[in-house]
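Novice: This is the structure I have questions about; it appears just below.
The values are calculated or read from the model by the stated rules, or taken from the named source; none is laboratory data. Every value quoted in this text rests on a predicted model; they were computed, and no experiment measured them. Please note: Cβ atoms are built from the backbone with ideal geometry, for glycine as well, and neighbour counts cover all protein chains shown.
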Amino acid sequence: MNPLEPNARVGPYIVESALGSGGMASVYRVRHAILHSAHALKVLRPDLVAVREVRDRFLEEGRLQARFRHRGLVRVTEVVSEPGVAGLIMDYLEGEDLSQRLEREGPLPPAEAARWVTEALQAMAYAHAQGVVHRDLKPANLYIARDEDGHELLKVLDFGVAKVLGQLKTQTRASIGTWAYMSPEQIEAPTQVDHRTDLFAMGVVLYQLCSGAIPFEGQTDFDTMQRVVACDYKPLLHLRPGLPTLLDEVVNRALQREPRERFQDADAFVQALRPLLEEGAAGAQVPPPPLRRGNTTLDLDTLEEEAAEPTAQATSVALVPIPDPPGEPTALVPRPSGALSRQVVPHGVVRLAGVLQIGSGLLNVTVMWIGGCLALGSASATLGTWLGMGSAASACGCAGALSLLLVPIGMLEILVGIQALALGRGAAGVVGLTSAVELLSLLIGGVPAALVGAANLLLLRVREED
C-alpha cells in the first residue's frame, strides 16, 4: 500500500498525519486548505481502487453515511474521488477505541461494559432502520470520543466496508474482516446475513469487555472459524465467577448459533442490559463470590449478626432452607421466630436410614415368603385332617395369601432405602415414609396373619381333643 505523504493534497484537503490503517483502507488527519478545519480522511487501498465494483460500493456507502443523523455514528461530510484515489471525509475524533482502553485498563466493570455496548447498539438500531448492516463490529471499530462538553460518548466507525465481503472474490475477501467477531452465518453464507449478525458481534464484544478474552479466538484462522460455526466457547462466569448472572445470560442469548434464537433487534438487546446500567448508576459493584459451607450458600448478613450478638437466643432468627432452581445449592434466608421450618438432617443419618431400611426390606421379603409357604402348608394339612371343615381350610389359605402380600411390601421398603441413600437432603421425609410402610405392613399382613394362625391352632387343638 502506498501511503499518502504529509502535505499531500487530496481535493481541497491537505494531509497532516496518518491515524491508522486496516485491511481495506487507511485513515489520515487532514486540514481543509481554505477553512483550516480538521477532518479525518479515509482512503481506499490503491490496489482496490482499481476494482471498479469495490470502488463504487465504497463510495456508495460513503454517500449513505452522509445521510446519517445520529450522535453515535461518524458522519461522512464529503466524498473525494480522483484518479487513483477514493476517499471519505469524516468528522475528526479525539480519544481511543475500545480495544485500546481494554489493553490499558483490562476487563471493564459490568456497568461500564454495558454502557458502551448499549451506546453502540442504539447507534446500530438507527443504522439497521436505514437498511445498513455493519458486518465488522469489534472493539477497534467502537471509538470513545468526547463531545463539546467533554463527556465521553461512543461512536461506531467503518460502516459499509465489511458489506463488500459477500461480493468480492475469495482471495480478496479472505483479508477482510475479523473471523473471531463474525457470526456463524457470516462465515457460512456471507451474502445472506441480516442485522442479527451485528447483534452476534456485539455479544462477542460484550464478552471480551467483561473478561478480557475473545470467546472464539483460536490458534489459526481456520480454528477460529470452526469454533464460531460450532459456537464453542467457555461460559463467561467460568472466566470471572463474580460477574452478575444476568450478564452471563445476556451474552449467551446474543451468541446463539441460530439467528432466530438471539435478540431479534438491537432494542431488545438494550432492554436486556438496562438492569446492569441501573445498577451502575446506583453505584453498585460486582459482588464477591458467595460464601459456602458444603453445598449450602451462607447469608452474610445473618453471619454478621450472629458474630455481633453471640449471646442472642437461638429462637430470635430461624434459618430455613428455601428451594433453589434445579442444580443450584440451597440458600439460607432469615425467617421470623415461631415460623414452621424444616430441618436439614446430616447426610450420614440419611445413608444410615437407607441401609437399615434395605435390611428391613430384605428381612420382610425372606420372613414373609417363608411364612407364606408355612401357612400354605398348614392349610394343606388342615384340609387333610378336617375334610368337612371348610372354614378352617379357608382361614389357613387366607393366612398364606396375606403373608405373601408382604413380599411386595418388603420390596417397596428396599426401594425406599435405596432412595434414602441417593438423597442429599430431606431425610425426615424418608424416615417418615419408611415408618408408614412398616406400620402398613403390620396392619395389612401381620395382625390378620396372627389372628388366622391362632384360629388354626385352636382348631387343631379341638381336633386332638376329639
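Novice: Could you check, for the stretch 230-244, whether at least one of its residues is assigned to a helix (DSSP H, G or I), more than 14 Å from the chain's Cα centre (by Cα), more than 21 Å from VAL133 (Cα to Cα) and in the same structural domain as GLU103 (by TED's automatic domain parsing)?
Specialist: Yes: the stretch 230-244 contains one or more residues that are assigned to a helix (DSSP H, G or I), more than 14 Å from the chain's Cα centre (by Cα), more than 21 Å from VAL133 (Cα to Cα) and in the same structural domain as GLU103 (by TED's automatic domain parsing).
Novice: Give me the pairs: first residue in the stretch 54-66 and in the same structural domain as LEU88 (by TED's automatic domain parsing) and among the small types (Gly, Ala, Ser), second residue modelled with pLDDT under 80 and surrounded by 17 or more Cβ atoms within 10 Å (Cβ to Cβ), beta-carbon distance under 8 Å, and six or more apart or on different chains, which are they?
Specialist: Every condition considered, the pairs that remain are GLY62/GLY160.
Novice: Another question about this same structure. Identify the residue in the stretch 1-21 that is assigned to a loop (DSSP other than H, G, I, E, B) and surrounded by 17 or more Cβ atoms within 10 Å (Cβ to Cβ) and, among all such residues, is farthest from the chain's Cα centre (by Cα).
Specialist: GLY11
Novice: Separate question: State which residue pairs qualify: first residue at pLDDT 95 or above and inside the stretch 111-132, second residue among the β-branched types (Val, Ile, Thr) and surrounded by fewer than 20 Cβ atoms within 10 Å (Cβ to Cβ) in any location, beta carbons under 6 Å apart, and separation of 6 or more residues or different chains.
Specialist: Taking only residues 6 or more apart or on different chains, not a single pair turns up.
Novice: Could you tell me whether any residue of the stretch 212-227 is crowded, with 21+ Cβ neighbours inside 10 Å, assigned by TED's automatic domain parsing to the domain that holds ARG135 and assigned to a helix (DSSP H, G or I)?
Specialist: no
Novice: Go through GLU112, GLU119 for me and flag whichever is in the same structural domain as GLU249 (by TED's automatic domain parsing), in contact with a Gly (Cβ under 6 Å, 6 or more places away or on another chain) and surrounded by fewer than 21 Cβ atoms within 10 Å (Cβ to Cβ).
Specialist: Going through GLU112, GLU119 in turn, the sole match is GLU119.
Novice: One residue is enough: does the stretch 74-91 have a residue meeting the conditions assigned by TED's automatic domain parsing to the domain that holds TYR28, over 14 Å from LYS42 (Cβ atoms) and either of a type outside the set (D, E, K, R) or within 30 Å of the chain's Cα centre (by Cα) (or both)?
Specialist: yes
Novice: Which numbered condition trips up HIS32, out of (1) over 23 Å from VAL51 (Cβ atoms); (2) in contact with a helix residue (DSSP H, G or I) (Cβ under 7 Å, 6 or more places away or on another chain)?
Specialist: The single condition HIS32 does not satisfy is (2).
Novice: Residues in the stretch 65-80 that are assigned to a strand (DSSP E or B) and among the small types (Gly, Ala, Ser): how many?
Specialist: 0
Novice: Give me the residue from the stretch 245-284 that is assigned to a loop (DSSP other than H, G, I, E, B) and buried (at least 20 other Cβ atoms within 10 Å of the Cβ) and, out of that set, nearest to the chain's Cα centre (by Cα).
Specialist: Taking the candidates together, the pick is LEU255.
Novice: While we're here: Among the residues of the stretch 22-54, write down those that are closer than 29 Å to LEU137 by Cβ, part of a strand (DSSP E or B) and among the charged types (D, E, K, R).
Specialist: ARG29, LYS42
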